[in-house]
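> Pasting a structure below so you can have a look.
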Amino acid sequence: MGDAALVLAAGGLQTRSNDTEHRFRVDTNFHYLSGLEEPGAVLILRPLRTPALTLFVPEQSERDAIYNGPRPGLEALRQQIGADAAHPLAALEVELPRLLDGLDAVYLPLGGGPSCEPAVRAAIETLRARERAGEVAPECLRDARGLLGEERMVKDAGALACLRRAIEISGEAHLAAMRATRPGLFEYEIAAVIEGHFLRRGTGPGYTSIVGAGANATVLHYIANRGPLRAGDLLLVDAGAEWALFTGDITRVWPVSGRFGPAQRDAYEVVLAANEAGIAAATIDSSLDAIHEVALRRLCEGMRALGLLTASVDEIREKELYKKYYPHRTSHWLGADVHDLGRYNLRGVARPLAAGYVLTVEPGLYIPADDASAPPELRGLGIRIEDDVLVTAAGPEVLTAGVPKRVAEIEALLGA
Ligand SMILES: [Mn+2]
């Protein structure tokens, strides 16, 4: 950072309806650096100055204490994170110019999410107005998301412990959902099994659960979860639990009545081959582009073998004909945000993988129910198989290996 300040906001409560609010979810970067979940709080880090770490916390009203319970208070929070100074949030307007005076730059998240940008800009104006008195305004606002995304790319022991726990709970929930599946249920009953399991383990979902039976599985972000589970259909579940903000991200597909039909099985095996090829490519100095290419190759071959497309595999790849059945990319970074913050490209090329990176591998095939050009037995199939992978010097470690994905394993588990 150099002689600069990093200004992070915890974020506030978001209205759900009228005068009621969503459960508070702290800003990921704020939590990553502080471990605090304090609505309205602000952190200012100045590595080369004193005080280096200053915390601002809103003063709690008596009414808020009655309704929501007492908050820990300024001094307790200051001690908890080892801050050098702490002030009520109301003092930010007065303190911020003092804390930014003479610095070269201010780092803060630019763009979406909680931010103190208006307060920082006001502080800069205050400092400029006092220039003749010797105060100096920073001249550079920088996007803290780059800095923090890099910080969060390599998962340290603490981050990995949280991720493993999140993934363990996520996997248990998928197994429970598989065991609970039977024709006649509704998607929301499977969602209840999954999210009920998260609750029993003391946590909740890291993102909105996708539970899609039949053609609902062809909708990439299907979250209505209202449809029926019919015998003969496949069920797609994309759900993950959060643990200390880190989240699992798992997708599995299984047959509602316990056994894959022949066409379903052929399509499933295509996606599974792409998933396994993608995982095998998650090695040091490989890249998400390389993983995507090998998985995509398998999918293109499969689209031809299944009779979805008649062009050559090269033509399917080059003319992007596959996008009709596979419109998304194969991987994203995974961490304290389900789509984690790190950069995907460095100086215009796909970022080389390094030990400690965690990523998903999630190829899929989605055949619209009304696709008259597809073989009838494949219409309305949606298949995605998603694993979470840690890059290590010894090769890819599949963190989600405990959740079955081979046809025989799934059918055995379903008791068909
Ligand atoms: Mn994912």
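The values are calculated or read from the model by the stated rules, or taken from the named source; none is laboratory data. Just so we're clear, the structure is a prediction, and the values are computed from it rather than from any experiment. As a convention, Cβ positions derive from the backbone with ideal geometry for all residues, glycine included, and neighbour counts pool all protein chains shown. When the accessible area is computed, the model is the full protein with side chains, heavy atoms only, and any ligands, DNA or RNA have been set aside. Shrake-Rupley method; radii C 1.70, N 1.55, O 1.52, S 1.80 Å.
> Do the conditions hold for residue 368, that is, is it surrounded by 15 or more Cβ atoms within 10 Å (Cβ to Cβ), over 24 Å from residue 29 (Cβ atoms) and more than 16 Å from the ligand (Cβ to nearest atom)?
Spelling it out, residue 368 is indeed surrounded by 15 or more Cβ atoms within 10 Å (Cβ to Cβ), over 24 Å from residue 29 (Cβ atoms) and more than 16 Å from the ligand (Cβ to nearest atom).
> I would also like to ask the following. Within the range 189-208, can one find any residue that is touching a Lys or Arg at 6+ places or on another chain (Cβ under 8 Å) and buried (at least 20 other Cβ atoms within 10 Å of the Cβ)?
No, every residue in the range 189-208 fails to be touching a Lys or Arg at 6+ places or on another chain (Cβ under 8 Å) and buried (at least 20 other Cβ atoms within 10 Å of the Cβ).
> Under the condition of being crowded, with 16+ Cβ neighbours inside 10 Å and in contact with a Pro (Cβ under 9 Å, 6 or more places away or on another chain), which residue from the range 388-412 is farthest from residue 333 (Cα to Cα)?
Applying the filter and picking the extreme gives 411.
> Turning to a different aspect of this structure: Applying the selection to the range 282-311, what residues are exposed (fewer than 14 other Cβ atoms within 10 Å of the Cβ) and polar (S, T, N, Q)?
Passing the criteria: only 310.
> Got a number for residues in the range 251-281 being open to solvent by 20 Å² or more (accessible area, probe 1.4 Å) and touching an Asp or Glu at 6+ places or on another chain (Cβ under 7 Å)?
So the count comes out to 2.
> Do we have residue 220 as more than 30 Å from residue 159 (Cα to Cα) and either modelled with pLDDT of 95 or more or open to solvent by less than 10 Å² (accessible area, probe 1.4 Å) (or both) here?
No, not satisfied.
For (1) crowded, with 16+ Cβ neighbours inside 10 Å; (2) of a type outside the set (S, T, N, Q); (3) more than 19 Å from residue 152 (Cα to Cα); (4) not assigned by TED's automatic domain parsing to the domain that holds residue 108, each residue gets a yes or a no:
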site: 9; (1), (2), (3), (4): yes, yes, no, no
site: 15; (1), (2), (3), (4): no, no, yes, no
site: 34; (1), (2), (3), (4): yes, no, no, no
site: 42; (1), (2), (3), (4): yes, yes, yes, no
site: 48; (1), (2), (3), (4): no, yes, yes, no
site: 51; (1), (2), (3), (4): no, yes, yes, no
site: 55; (1), (2), (3), (4): yes, yes, yes, no
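Each row is one residue, and each column tells you yes or no for (1) within 13 Å of the ligand (Cβ to nearest atom); (2) farther than 22 Å from residue 165 by Cα; (3) over 20 Å from the mean Cα position of the chain (by Cα); (4) not in a strand (DSSP E or B).
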position	(1), (2), (3), (4)
207	yes, no, no, yes
215	no, yes, yes, yes
220	yes, yes, no, yes
230	no, yes, yes, yes
252	yes, no, no, no
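> Inside the range 312-353, can you point out the residues that are in contact (Cβ under 8 Å) with a residue 12 or more places away in the chain, surrounded by fewer than 17 Cβ atoms within 10 Å (Cβ to Cβ) and within 16 Å of the ligand (Cβ to nearest atom)?
Selection gives 327, 328, 329, 344.
> Okay, moving on. Does residue 270 qualify as being in contact (Cβ under 8 Å) with a residue 24 or more places away in the chain and away from the ligand (no atom under 16 Å from the Cβ)?
Considered against the rule, which asks whether it is in contact (Cβ under 8 Å) with a residue 24 or more places away in the chain and away from the ligand (no atom under 16 Å from the Cβ), residue 270 comes out as yes.
> Please work out which residue is surrounded by the most Cβ atoms within 10 Å (Cβ to Cβ), limiting yourself to the range 232-250 and to residues that are over 17 Å from the mean Cα position of the chain (by Cα) and either within 12 Å of the ligand (Cβ to nearest atom) or aliphatic (A, V, I, L, M) (or both).
236
> With 90, 83 as the choices, which residue is among the small types (Gly, Ala, Ser), assigned by TED's automatic domain parsing to the domain that holds residue 11 and farther than 20 Å from residue 122 by Cβ?
Going through 90, 83 in turn, just one is among the small types (Gly, Ala, Ser), assigned by TED's automatic domain parsing to the domain that holds residue 11 and farther than 20 Å from residue 122 by Cβ: 83.
> Under 6 Å by Cβ, and 6 or more places apart or on different chains, what pairs join a residue from the range 248-259 that is of a type in the set (Asp, Glu) with one that is within 16 Å of the ligand (Cβ to nearest atom) and part of a loop (DSSP other than H, G, I, E, B)?
As it stands, the answer is 249/240; 249/334; 249/338, since those pairs meet every condition given.
> Please indicate, with yes or no, whether at least one residue in the range 400-409 is of a type in the set (Val, Ile, Thr) and within 15 Å of the ligand (Cβ to nearest atom).
Yes.
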